[in-house]
Every structure is written in C-alpha cells, then in structure tokens.
Amino acid sequence: MKPILYILTLILSSTLTAQSEAENVKSTIDSFFESFHAQDTVGMKDLVSENVVIQSIGEDQQGKTLVHETSISDFLKGIVSIPKNASFKEELLDYQISIDGNMANAWTPYKFYFKDNFSHCGVNSFQLVKIDGKWQIIYIIDTRRKEGCN
C-alpha cells in the first residue's frame, strides 16, 4: 500500500508543479501585455532577454509570405510613439502552454483593436527560458490577418 501512496504523491506533486509553472509563464506574458498597454517600455524590457528575437509573419500584395524581424529597441520605440490618446489593446483569447524543464512555449490567439476598432487578429508564439528562477521571453513571433478572426 505504501508504494502506491508514494507513486500517487509523486504524480500529484509533479502535476501541481507543472500547473504552477504554467501559471508563472502565463503571468510573465500577462505582465508583458500590461506593460505593452501602458506603454511601459522599462516593464516590457524587464520581461524579455536582451537578445530577444521579435518577428511577424505577413503577406505582400501578391500573397507571398514574408517574415519581418524587429529589434527590441525599434519595437519599444514603436510602442512609445503611439499617441497617448490613441487607445490600443491586444486581447489574448487563450493560452496553450507547454513546458519542459527551463523551457516554455506559449501559443496565444489574439484580436487587436486600435482606437476601439478591430484592426487584425492572429496568434502569438512565445518562447521563454527560466533563468535564475524567473521566466524570460527570448522569442516572439506572430501572425496577422484581417479575415478568419471568429
């Protein structure tokens, strides 16, 4: 009987730890977007690695797939340059989080609104690494489209 209780305790403990880590990853992403919406570049910078890669997938006029890369400094400058009276919000619709040790991936479908009007939708993919007990975003890639957003 004792071995069965020991195995059940181990399973329950690892399940709770995984759920706790998933909440920590989600919290990191939520904090990133709280800073994003507040145009708080210091807060955003604190949540990403100094070598973070930021990319977007889109299409040109002919429908050819393009991958656009932005440096963290250009990304932050873009956020700060949004006029204070121009509201914007990225609404995350779901979180699908996978974790293996100190590496995590989060898949977050979203809808983006600018000046209270729907702009586009897509999916963010975040890669995170746990360094010194803290989850840091090392890679962000997103898709952007105006159709198929239901």
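The values are calculated or read from the model by the stated rules, or taken from the named source; none is laboratory data. Bear in mind that the values here come from a model prediction, so they are computed numbers and not experimental data. For neighbour counting, all protein chains shown are included, and Cβ atoms are generated from backbone atoms with ideal geometry for every residue, glycine included.
Residues in segment 50-76 that are in contact with a helix residue (DSSP H, G or I) (Cβ under 8 Å, 6 or more places away or on another chain) and of a type in the set (A, V, I, L, M, F, W, C) were compared, and the one that is farthest from Gln127 (Cα to Cα) is Leu76. Residues in segment 74-99 that are within 15 Å of Ile137 (Cα to Cα) and without any contact (Cβ under 8 Å) to a residue 12 or more places away in the chain: Ser98 alone.
Test Phe118 against the criterion of being of a type in the set (A, V, I, L, M, F, W, C), more than 19 Å from the chain's Cα centre (by Cα) and either within 23 Å of Ala22 (Cα to Cα) or not in a loop (DSSP other than H, G, I, E, B) (or both), and give yes or no. Yes, satisfied. Select from segment 32-59 the residues that are more than 18 Å from Tyr110 (Cβ to Cβ), hydroxyl-bearing (Ser, Thr, Tyr) and part of a strand (DSSP E or B) and list them in ascending order. Ser49 - this is the single residue of segment 32-59 that is more than 18 Å from Tyr110 (Cβ to Cβ), hydroxyl-bearing (Ser, Thr, Tyr) and part of a strand (DSSP E or B). Comparison of Val123, Val52 shows that the only residue that is at negative phi and touching a residue at least 24 places away in the same chain (Cβ under 8 Å) is Val52.
Note on segment 115-150: residues that are of a type outside the set (A, V, I, L, M), modelled with pLDDT of 95 or more and surrounded by 14 or more Cβ atoms within 10 Å (Cβ to Cβ) amount to 14. Tyr139 passes every criterion in (1) within 20 Å of Thr41 (Cβ to Cβ); (2) touching a Lys or Arg at 6+ places or on another chain (Cβ under 9 Å); (3) of a type in the set (Ser, Thr, Tyr) apart from (2).
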